[in-house]
Amino acid sequence: MYLKVVFGEGFEAPVVVTSKEFYEKVRGQLPIASKLLVWKEEVYFETNIDFTGELVTRVPSGSLAYWPPGKAICIFSWASQPYGPVVQVGWLLGPKHYILGVIEDAEYSEEQEVRVEAIEPGAYSERASGASDLLNRAGFYATPRVWGGYEGVAGAFARHNFRVGFEVFAESYGYVVESDPVYLRDYSTLDEAVQYRMKRIVRSRVDVNEEGYVILSEFTQREETLPDVVRQVVNDYLKVVDVLALSG
């Protein structure tokens, strides 16, 4: 049950709604238009949706939630927690640093529109749609999206209280997979030491994305191997989190 949250013009953040009841309520009001609001590392926006569910005060990174007092849909991109009780209703798809970019842009604009829309299957290339379908059949959440004019497949592996986001870029010569960010690079000795440690424990490439975050990445030429490559990147990301947590 996928939807896309659209920031401004052409910046799509797909989400998967795991609550069937909440999905039906949202679908009945599409398209939704609202004003973007920001709290720490969270973006949220008010709606006319009334919904009740299990209230929690802690959410995993990358959670999609509903905040009853504001009738608001919330995306928790990283570490910040709810100001008050929310109902967790799904997950953000794709690397979470994209939402941090939205938050940074919002600091320099007086008002930014946000919309919730249905994902139209025919709106994306056959190559991106095919990759998305293959990943869904393999047990991942995934759907095509466009961000700033560039098409990709935003996805996530989510189980219980942990999520790993990823993006697949379907090029004519193959598929590039990029993980959630591990940390923001600062070019220090510690930065180099952490990268060295990561390279010793993972099969995936220790890489850097265009925004300067250290990530895991991988490349494959063949579409049929894409699920295995994504699974490797996700498992390596989980391994890095475990090792870095223990080293602290």
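Of the residues P31, P69, P60, the single one that is within 21 Å of A158 (Cα to Cα) and not charged (D, E, K, R) is P60. Residue count for segment 1-58 satisfying the condition of being under 17 Å from G84 (Cβ atoms), in contact with a Leu (Cβ under 9 Å, 6 or more places away or on another chain) and of a type outside the set (A, V, I, L, M): 4.
If you go through segment 113-143 and keep only what is within 13 Å of A170 (Cα to Cα), hydroxyl-bearing (S, T, Y) and either open to solvent by 50 Å² or more (accessible area, probe 1.4 Å) or not in a helix (DSSP H, G or I) (or both), you end up with Y124, S125, T143. Among the strands (runs of 3 or more DSSP E) confined to segment 145-247, the ones with at least 1 residues that are modelled with pLDDT of 95 or more and among the polar types (S, T, N, Q) are located at 174-179, 213-220. If you filter segment 206-216 down to residues that are in contact with a helix residue (DSSP H, G or I) (Cβ under 7 Å, 6 or more places away or on another chain) and not aliphatic (A, V, I, L, M), you find that the one that is most open to solvent (accessible area, probe 1.4 Å) is E211. Each residue in segment 183-205 was checked for being open to solvent by less than 30 Å² (accessible area, probe 1.4 Å) and within 21 Å of R163 (Cβ to Cβ), and 3 pass.
The values are calculated or read from the model by the stated rules, or taken from the named source; none is laboratory data. Nothing here was measured: the structure is a model prediction, and the numbers come from that model. A quick note on method: Cβ atoms are made from the backbone with ideal geometry, for glycine too, and the neighbour counts reach across all protein chains shown. Surface areas here come from the heavy atoms of the whole protein model, side chains and all, with no ligands, DNA or RNA. Shrake-Rupley method; radii C 1.70, N 1.55, O 1.52, S 1.80 Å.
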